[in-house]
1. With respect to Asn507, is the statement that it is touching a helix residue (DSSP H, G or I) at 6+ places or on another chain (Cβ under 7 Å), over 24 Å from Gly453 (Cα atoms) and at pLDDT below 95 true?
2. Residues that are of a type in the set (Phe, Trp, Tyr) and touching a Ser or Thr at 6+ places or on another chain (Cβ under 9 Å): does the stretch 155-175 have at least one?
3. Could you tell me whether any residue of the stretch 476-485 is under 29 Å from Lys550 (Cα atoms), modelled with pLDDT of 95 or more, crowded, with 22+ Cβ neighbours inside 10 Å and touching a strand residue (DSSP E or B) at 6+ places or on another chain (Cβ under 7 Å)?
4. Being part of a helix (DSSP H, G or I) and among the hydroxyl-bearing types (Ser, Thr, Tyr) is the filter here, so list the residues in the stretch 193-237 that pass it.
5. Could you check how many residues of the stretch 675-697 are basic (Lys, Arg) and either touching a residue at least 40 places away in the same chain (Cβ under 8 Å) or in contact with a helix residue (DSSP H, G or I) (Cβ under 8 Å, 6 or more places away or on another chain) (or both)?
6. Counting only residues that are exposed (fewer than 13 other Cβ atoms within 10 Å of the Cβ) and of a type outside the set (Asp, Glu), which one in the stretch 206-229 is modelled with the lowest pLDDT?
7. Working only within the stretch 397-424, note down all residues that are charged (D, E, K, R), over 24 Å from the mean Cα position of the chain (by Cα) and modelled with pLDDT under 70.
8. Can you run down the residue pairs with Cβ atoms below 8 Å, 6 or more apart or on separate chains, where the first is in the stretch 29-51 and without any contact (Cβ under 8 Å) to a residue 40 or more places away in the chain and the partner is surrounded by 13 or more Cβ atoms within 10 Å (Cβ to Cβ)?
Amino acid sequence: MIKNIIFGKRSNLTNSIIKKIYNYEVISSSNINYEKLNSIKKKNYIFNNFYPSHKLNSLKLNQYKKFLELSVIKLVEILSNLEINNINKLIYTSSSSVYGIEEDLKNFAKDKYNRKIYSSLKYSSEKIFENFCRKNKIKFYIMRLFNTYGDENDNFSFIEKLIKIKKNKLKLKLINNGIAYRDFIHIDDVAYIYNKFLVNNFESGIYDIGTGQGKLIKNLVDFTGIDKKKIIRVNNINQITNSIADIKKLQKEFTNYKFKTLEDYLRKKLMISNRNTIFSYKNEHSNNKFSGSVIYGAGYAGEKLYLKLKEQKEKIIFFIDDDVDKQNTVLKDIPIISFQDLNKFNYKKIIDRVFVAIPSLNENKIKLINKKLTKFFFDIRYLPEKKFLVNNNINLNDIKNDQLNTFLSRNPINIKKIKELKGKNILVTGAAGTIGFEICRQLIYQEANRVVGIDKSEIGIYEKKNQIDKKVQLLLCDVNDNILFNQIILKNNINLIIHAAAYKHVNILEQNVHAAVLNNIIGTKKVCEVAIKNNINLILISTDKAVEPKSILGYSKRVCEQIVNYYNSNNKNSCFNIVRFGNVFGSSGSAVTKFIEQINNNEPLTITSKLATRFFMTILEACYLVLETTSLKIKNKTFILNMGKSINIYKLAKKLGEYKKNLNPNYEIKFIVTGLKKNEKLHEKLFEKKEVLRKINQNIFYVENDQFHHLKFYKLFSELENNYQFYSPKKITNCLKSISKI
């Protein structure tokens, strides 16, 4: 039988462990007979030799040597004298305090309770211990203990102190109003876990030994019913806000293990009849800071208010927003949650106040929100935006979908689950763009198995990475890079490609014909070739500018459609569809974003003509309908989204100006008519005369065109490729015009 050797005096932990194990011996680290010890063939060693925690507060200069000896030196001495071949397993008892080291390095506040030197030496000992075990290939476990309770003789346990204070009507020193989460684990549970590690062949490494749930100190004090007059409040003490065990690794070995509950223990010890439970916060949120105030509204106004309040040393712990698109994301590293999420927990006791920062609210909506908030929070503040914010800027993020539909005179669309997308592996090109990014986001909602987004914009990937679900993998890749693109396809076992990558700014492409052909046309050809090679379905995102085109953008997108049609003629193993629609409201670089920028800068709104019209729809609707085409039985077609009636650009700009005027009554709407630019249309169309429109449902149509000449296209496209290689913009443009007429 393997013998279990425990180094250290009969501490509370050691006394608990020996109740659970057999064939043990407890040896004081100051009195070790190494010759006798090494004569025993197979042994497990548990290192419980550490400086008593309850003595930390009174540690004096003349005790540093003893402190250092028990913390590190004895560990090194013991490891150096052990017979390696006789060791079965090693366990080192560490502390959760090591997690505070990173914060300590950033904060040089006075170490009043000697926690910093304790945690730093614990961490040093861990590294020595791990280094020794790995070099000698010994099975080892580093146990980072969280706050223990269950032994009334434990002079360091906060729970035991709380019990004594309550029973004896003593005074309680409450640090920072008790706004900290701590993970409390019964000493018997710790002993049980140690025993299981001794008898089972678990993976070596570091383990958090706790329940994985944090109790708010303030709630614990309330639960025990300590007289408030006995509480001494000590504020502005540097401490870890949340110390909660990460037990994912532990749970792999202890499936469905039920820890003893702290509530039951306190009820028994203090004869509490209250059957309520103390709110627990799980580890996955333990990095959040839960003491401070909340901002209702995570739009532009909320962001500006946050920056202003931060200057005033106000601590903001959450943004609340009713927009589901913003929920479970972050703004300025602060989590955005729903009101329902906030309402689930007992935040009433830890939230100081709620700031409502939604400047567009009317009187009725303010009353509704006030009624909702006053049920849970006492201090609610509606701050005039102009009093706190630098300006009254409007932002697309502040305009809700119902307001967008009002602007565009559209009825809201009903978003449903699309079963054809569930479990699929889907790649989206142009994923850092407005459309590509929204498609990626919606694919997560549609329960796609894997979503890979690629884009050749490094800054685009950087900006989007923290704005989307972690299930979406965003990669830096140009579709013209055949090798990398194909590797990504194969590695991720892609079933469908949604090709949204394209240059789209009309004026820029007029001056950069070669780049337009390379990115839009050659890129689309490469995507088609990879899709055919791997038998993958494809959706091409097109635009109304491809219909009877006049601009380089329009020509290039028209040719992209024809490339897909050409490959469809010989493609039997996969399905290639085209989805054509008009402008997405507020997409990057669009007329709408230009108007908003001009409004925010108090500049006149520039329009080309008061008669010009464009088709618009919301980004939510456009991308959902693109995805809905995957459920249609009609294949290898050009689908047209129902854009409704075209919208007068002048009237749309005026509506945006009126929206601004609601925020700032002093704002004056002014216009400058610039005239149509070269190759710019007064009105757009969604299909050509030769295309026959067929209705599928109220939102999606498709067109039939039997006049496409494949051989003629092939000949002209070969000529385009030739002129492209010799960089002849004029000849390229002539080729584009010829191809678009096929």
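The values are calculated or read from the model by the stated rules, or taken from the named source; none is laboratory data. As the structure is a prediction and not an experimental result, all values here were calculated from the model. So basically every Cβ, Gly included, is an ideal-geometry build from the backbone, and we count neighbours across all protein chains shown.
1. no
2. yes
3. Yes, some residue in the stretch 476-485 is under 29 Å from Lys550 (Cα atoms), modelled with pLDDT of 95 or more, crowded, with 22+ Cβ neighbours inside 10 Å and touching a strand residue (DSSP E or B) at 6+ places or on another chain (Cβ under 7 Å).
4. So the first thing to find is which residues in the stretch 193-237 are part of a helix (DSSP H, G or I), and the list is 193-199, 217-224, 228-230.
The answer is Tyr194, Thr224.
5. Going through the stretch 675-697 one residue at a time, the tally reaches 4.
6. Of all residues in the stretch 206-229, those exposed (fewer than 13 other Cβ atoms within 10 Å of the Cβ) come to 225, 227-229.
If we keep only those that are of a type outside the set (Asp, Glu) as well, we get 225, 228-229.
Values: Gly225: 90, Lys228: 86, Lys229: 90.
So, considering only residues that are exposed (fewer than 13 other Cβ atoms within 10 Å of the Cβ) and of a type outside the set (Asp, Glu), the one modelled with the lowest pLDDT is Lys228.
7. Correct list: Asp402 only.
8. Partner pairs satisfying both residue conditions: none exist.
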